[in-house]
2 protein chains.
Amino acid sequence: MRGELGLLYKIRLRASQTPAPELRLGIGDDCAILRPGPGEEFAVTTDLSIDGRHFRLDWHPAESVGHRALARGLSDLAAMGARPVAAFLSLALPRDLVQKPRVRSGRNAKISSSAQSPWIDRFLDGFLALADANHVPLAGGDLAESTLAVADVVLTGAVAQGEALLRSGASAGDLIYVTGTLGAAAVGLQHLNKLAAALKRTRPRAKPSTRPSIPSRSVALLSPHLYPTPRVAQGLWLARNAVASAAIDLSDGLSTDLAHLCAESGVAAELDAAALPFAPGATAAQALNGGEDYELLFIAPPAARVPSSIESVAVTQIGRIVASKRSSPPITLITPKGAVSLTPQGWQHFS
Amino acid sequence: MRGELGLLYKIRLRASQTPAPELRLGIGDDCAILRPGPGEEFAVTTDLSIDGRHFRLDWHPAESVGHRALARGLSDLAAMGARPVAAFLSLALPRDLVQKPRVRSGRNAKISSSAQSPWIDRFLDGFLALADANHVPLAGGDLAESTLAVADVVLTGAVAQGEALLRSGASAGDLIYVTGTLGAAAVGLQHLNKLAAALKRTRPRAKPSTRPSIPSRSVALLSPHLYPTPRVAQGLWLARNAVASAAIDLSDGLSTDLAHLCAESGVAAELDAAALPFAPGATAAQALNGGEDYELLFIAPPAARVPSSIESVAVTQIGRIVASKRSSPPITLITPKGAVSLTPQGWQHFS
């Protein structure tokens, strides 16, 4: 079976390996059917990933593109304290990404095993490995041929009714916390940028889909960018223990995401520069404005018992929520040299 | 406010006009939150709409692109017998589609009112008009700048637990029904094709986004293609009255969609050529293989009381389900000259 139906068949076979009790009906009908458990409601999020915007076919391994496309939505569920229940994948792809790369003939021709698989297979490897690790089945989606590679990932999660962590719950006097470190993804992206530029100088004519993947010595540095870990377990812990008054995930960068949370809560924030958990090698700009860390930023009342780590990930108090004043900026950064206004500088489309 | 946040603000303002009890939290947080009513479960469907594949920026009015993008998912909900609850819209758009078209200066410059609005506004006009007509709020989505216009629409609907109309429920001896007529969308597309070719000859340099819309005299012929009506009320009626054993919507064409249903049910089908409700002007090929009619194809046991119309739309019996045999084709068309095998010839990507 070839074409769309063949691809759909292949995806359906691979998707059926991860069942979930809430998923009553998966791929194969007009709709999937989801049933929340007693006393639960569903959180739903959608995230676009576009070649040239969110990833680059000539930079990112296909496995990373699949991983990151799913990680964005899992991180949104984590920020609500929701348990992942089902994923939907809409893929618009150029035809050469669903076909096998051409193998050079001749007895000296050698090609790595990963390059023998179509790009779509390796994308699914990355997507489904992260899905399996989070016990979330692929429940549906759509496929289309396109001149541009676009993935739209929808995730649904379950959360006890009324217990979701909202952006709007922060109050003056609450404290600001962050999981993990800040800026690691930006450091990784910077390194990838350098590698890609070097690769382009040495192999200017290599086809994007058949280019070798990144050297393994760089993997540790690149990993936070290529294979970020959404903080699903940490979000679940926060919701179940009713610790946080508000939460958001760090997808656009601390300065931008904290501004979103402040706007929804009608408050302002003060950050302590000395307390920020910089990732190794990260500059202040990367820690404050670098996107895609997928850490959780959460707010808790002073009386809440916030541990120093949640599910093996460090938690750091980085500031406090204050009343919003018309004359003051929404976010102030307290440094040894005094207080400065922090302007949201994360990514914004169409600007 | 400009850029992505400005566009998001505009969409959020317009989206908040249609509340729904199941939508506990809409645009503005990491996820939307949906809570089904007692004894209900959710149906979820996603549909891509891509410039050059599912629509053409230089052919389709922006309002039609928005309408059709939503109609596809509403039709999937209808085929499950689900009541629409919430829509999610992921939009990847070239920058010029979110900006105001440039107005020529000079006292003789004239431009129609619709051309003064950005393409995105007119897309939302079409999308939200159909959403309002079906009482479904826009609950979330994603925005990104792109070199290609892509919309991915997610729809969730509510259905009583266990009452969804599946593709897999058909049995030998059941009868096959269709709502409305067959081929009207294909006739409309053919007419649009002719108009666009004529327009191109007369105005070869007009920018796609500022081209005049289709002449009004053609509207009746074009309407089934540009503004199809998903059969939401008819699907709800079938599920609530427990009349149908299986259902699917006609998005890819009768020959293809009936083959899907037969495959999921493990059965074969016979169609009576003389019974097919051809749309005015439709050829046999358009009626059998033309996609995007968005009528419902449903199956019912012989004892079921199927009315001649449901919610003011005609219902026609067009054939019967028979046992699947290895030696026989899945679909046979019975004509006055004898029986012929009907090969699925609907649209398939990557083929």
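The values are calculated or read from the model by the stated rules, or taken from the named source; none is laboratory data. Since we're looking at a predicted model, the values are computed, not measured. Because the Cβ atoms are built from the backbone with ideal geometry, glycine has one as well, and the counts that use them run over all protein chains shown. Accessible surface is based on the protein model in full, side chains and every heavy atom, while ligands, DNA and RNA are left aside. Shrake-Rupley method; radii C 1.70, N 1.55, O 1.52, S 1.80 Å.
Label region A:263-350 by shape, choosing from rounded, prolate and oblate, from the square roots a ≥ b ≥ c of the eigenvalues of the Cα gyration tensor; if a/c is under 1.5 it is rounded, and otherwise prolate applies when a/b is larger than b/c, oblate when it is not. Cα axes put region A:263-350 in the rounded bin.
Directionally averaged projected area (region A:50-203, Cα convex hull): 12.6 nm².
From the largest down, the protein assembly as shown spans 91, 73, 56 angstrom on the principal axes of its Cα atoms.
Here the dipole of chain A is about 1740 debye; that uses its Cα centre as origin and unit charges on the Cβ of Lys and Arg (positive) and Asp and Glu (negative). Each copy carries a label point for residue A:163 at 7 Å from Cα toward Cβ; from one copy, the others' points are 3.0 nm away, ordered from shortest. Sorting B:225, A:191 by solvent-accessible area of protein heavy atoms yields A:191, B:225, largest first, with a 1.4 Å probe. The alpha-carbon of residue A:200 sits under 16 angstrom from the alpha-carbons of these aspartates and glutamates, leaving out residues fewer than 8 places away in its chain: A:58.
Axis of helix B:254-265 versus longest Cα principal axis of chain B: the two differ by about 60°, to the nearest ten degrees.
Rounded to the nearest 20 Debye, what is the dipole magnitude of the protein assembly as shown about its Cα centre when Lys and Arg each give +1 and Asp and Glu each give -1 at the C-beta? Each step should come with its number before you reach the end.
Working: 68 positive and 60 negative charges, 601 e Å.
Magnitude of the dipole: close to 2880 debye.
Across the copies of the chain, residue B:219 has label points (7 Å from Cα along Cα→Cβ) spaced 6.3 nm apart, shortest distance listed first. Less than 5 angstrom separates the built amide H of residue A:99 from those of A:119, all sequence-distant by 5 or more or on a different chain. In a Debye calculation with equal point scatterers on the alpha-carbon sites of region B:150-196 and no solvent, what is log10 I(q)/I(0) at q = 0.16 Å⁻¹? Result of the Debye calculation: -0.90. Taking A:173, A:162, A:266 in turn, the Gaussian network model of chain A (Cα-Cα springs below 10 Å) assigns the largest fluctuation to A:162.
Give me the accessible area buried between chains A and B, both sides summed, with a 1.4 Å probe, in Å² rounded to the nearest 100. Intermediate values should be presented prior to the final figure.
Working: alone 17780 and 17800 Å², together 30140 Å².
Between A and B, the summed buried area is about 5400 Å².
Taking B:9, B:227 and ordering them by how much accessible surface each has at a 1.4 Å probe, largest first, produces B:9, B:227. Sequentially through region A:235-252, phi angles give Karplus couplings (6.51, -1.76, 1.60; θ = phi - 60°) of x, 4, 4, 5, 5, 5, 9, 6, 8, 8, 8, 7, 7, 8, 9, 8, 9, 9 Hz, Gly and Pro residues having no value and appearing as x. Residue A:25 sits with roughly 50 Å² accessible to a 1.4 Å probe, with DNA, RNA and ligands left out of the calculation. Measuring only protein heavy atoms, the 1.4 Å probe finds residue A:350 accessible over about 20 Å².
Rounded to the nearest 10 degrees, the angle from helix B:119-133 to the longest Cα principal axis of chain B is 40 degrees. Positive end of the dipole of the protein assembly as shown (Cβ unit charges, origin at the Cα centre): among A:313, B:70, A:344, the Cα lying farthest that way belongs to A:344. How much of residue A:121 can a 1.4 Å solvent probe reach, expressed as accessible area in Å² and rounded to 10? Approximately 30 Å² for this residue. How far is the Cα center of region A:275-312 from the Cα center of region A:118-148, in Å? So the separation of the two Cα centres works out to 29 Å. Toward the positive end of the charge dipole of the protein assembly as shown, with +1 on the Cβ of Lys and Arg and -1 on the Cβ of Asp and Glu, the farthest Cα among B:233, B:223, B:80 is that of B:223. Take each residue in B:131-142, count the other chain C-beta atoms within 10 Å of its C-beta, and the mean is 2. The long axis of helix A:184-202 is offset from the longest Cα principal axis of chain A by roughly 30 degrees. Taking Lys and Arg as +1 and Asp and Glu as -1, the other residues whose beta-carbon sits under 13 Å from that of residue A:340 total -1. Taken over region A:5-89, the alpha-carbon convex hull comes to 121 cubic angstrom per residue. Using the Cβ of residue B:173 as centre and a radius below 14 Å, the other residues enclosed give a net charge of -1, where K and R count +1 and D and E count -1. Label point of residue A:307 (7 Å along Cα→beta-carbon): distances to the other copies' equivalent points are 6.0 nm, sorted ascending.
Taking every residue in B:149-159, how many Cβ atoms of other protein chains lie within 10 Å of its Cβ, on average?
5
For chain B, pairs of C-alpha atoms spaced more than 27 angstrom apart make up 50 percent of the total.
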